[in-house]
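Beneath this line is the structure, given in structure tokens, with notes to follow.
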Amino acid sequence: MKIAFVGKGGSGKTTLSSLFIRHLAANEAPVVAVDADINQHLGAALGLAEEEAAALPALGAHLPLIKEYLRGSNPRIASADTMIKTTPPGAGSRLLRVTEDNPVYEACARTVLLDGEPVRLMATGPFTESDLGVACYHSKVGAVELCLNHLVDGPDEYVVVDMTAGSDSFASGLFTRFDVTFLVAEPTRKGVSVYRQYKEYARDFGVTLKVLGNKVQSTDDIEFLQDEVGEDLLVTFGHSDWVRAMEKGRPASFELLEVSNRLGLQSLQDAADESYAHRDWQRYTEQMVHFHLRNAESWGNAKTGVDLAAQVDPDFVLRESSLHGGCAGDRDGARDRDGAGAAAEDLVSPRPNRLQPSPQPA
């Protein structure tokens, strides 16, 4: 399942997303973690040294490779150059899976060990002053959106994305790629202001939104959040000595995290699992197409010089059954009963039960 963490800057979004990733790893769940924030701090929050975090490969720098791989033999896509961030998969496209090995992961992911448990970590890459415009920002995370459009995940598999702070997370179709979005909010008026903006977008597109109260110090703080966000409040987190030690560079074993916080993280996993159980693959695919057609008309056609609407395969629906192979099925008998089985070409070997540490620096 695909999970996003959003919230106001300074709310503790990256800290909570990193704790959730550690929690999933401790439960031996396959995890792909993605740092899609303007401020790239997820690697450090997962325990990487500063130089290790800086050495993570940038997804944006490998966009040509990503496009070429995902294009596969899709006859509707003439070349990788005509693909944009919203290009949806169709018959012949290559699909990504959480636990497989593929050229995209080889180039763009590094395996990080969390108390001995492996997690794949990917990052958009560092941002410079010239990148801070809205258009530039979304071109940076375009690789993330393209990968998520082509990623087929199953139950008990997790893709956790630390999104950028503020309402920029909802400025493109990327926000519809998630089964649940966790919004981290402090118990202040500023802390819940972003929630009100997100709630509007979430309602319009059927996005499941849950609020995580953070830096809660009293029952009054909890009551404030309950009054402001109502039933969207999932759980609250207070001070953590474990987190403070981690921030000092003295991390303890994750099993020593406070029991109350471990229970809170389990509530997040339960909410994500429940949301995935209600995923509507048809709507999920339709939303891809919606944003692709909108981008094609507004800027994509002019940029690529082709009619990008022609890239849409009207008979294709991304489904969990696509896990059976690395390519989306064609119409010559390769489809399974769900309409998205594996093509005969480019099949990958059965996915391993556990990831292995990367031989490259984390």
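The values are calculated or read from the model by the stated rules, or taken from the named source; none is laboratory data. Keep in mind that this is a model prediction, so the values were computed, not measured. Every residue, glycine as well, gets a Cβ built from its backbone with ideal geometry; the counts of neighbours run over all protein chains shown. These accessible areas exclude ligands, DNA and RNA; they are computed on the full protein's heavy atoms, side chains included. Shrake-Rupley method; radii C 1.70, N 1.55, O 1.52, S 1.80 Å.
What are the semi-axes of the equivalent ellipsoid for region 208-290, taken as the square roots of 5 times the Cα gyration tensor eigenvalues, largest first, in whole Å? Working shown, then result.
Working: eigenvalues 182, 73, 26 Å².
Equivalent ellipsoid of region 208-290: 30, 19, 11 Å, largest first.
Test of understanding: express the Cα radius of gyration of region 209-256 as a ratio to 2.2 N^0.38 Å, with N the residue count.
Working: Rg = 13.5 Å, N = 48, 2.2 N^0.38 = 9.6 Å.
That works out to 1.41 for region 209-256.
Using only Cα atoms, what Kirkwood radius does region 137-264 have, in angstroms?
For region 137-264, inverting the mean 1/r across all distinct Cα pairs yields 16.5 Å.
Across all directions of projection, what mean area in square nanometres is found for the Cα convex hull of region 50-92? Provide the component values of the computation, followed by the final result.
Details: hull surface 13.9 nm².
Mean projected area of the Cα convex hull: 3.5 nm².
Using a probe of 1.4 angstrom, how much of the accessible area of region 5-89 is carbon and sulfur, in percent?
51
With the other protein chains left in place, how much accessible area per residue, in square angstrom, belongs to region 147-295 at a 1.4 angstrom probe?
For region 147-295, the per-residue accessible area is 45 Å².
Karplus couplings for region 151-163 from phi (6.51 cos²θ - 1.76 cosθ + 1.60, θ = phi - 60°), rounded to Hz, Gly and Pro as x?
9, 10, 10, x, x, 6, 10, 10, 10, 10, 10, 8, 7
Going by average Cβ density within 10 Å per residue, which order do the peptides 33-45, 95-107 take, highest to lowest?
Most protected by this proxy first, the peptides run 33-45, 95-107.
Counting only heavy atoms of the protein chains, get the accessible area per residue of region 1-135 (1.4 Å probe) and round it to a whole Å² value.
34
If you count, for each residue, the other Cβ atoms within 10 Å and average over each peptide, how do 291-299, 23-31 line up from highest to lowest?
23-31, 291-299
Take the solvent-accessible surface of the protein heavy atoms, probe 1.4 Å, and return the percent of it on region 179-327 that carbon and sulfur atoms account for.
So the carbon and sulfur contribution to the accessible surface is 47 percent.
Among Lys67/Lys215; Lys8/Lys248; Lys2/Lys199; Lys190/Lys303; Lys8/Lys303; Lys8/Lys67, which pairs are too far apart, with a Cα-Cα distance over 30 Å?
Result: Lys67/Lys215; Lys190/Lys303; Lys8/Lys303; Lys8/Lys67 exceed 30 Å.
Counting each pair of different Cα atoms once, what's the Kirkwood radius of region 9-127 in Å, rounded to one decimal?
15.5
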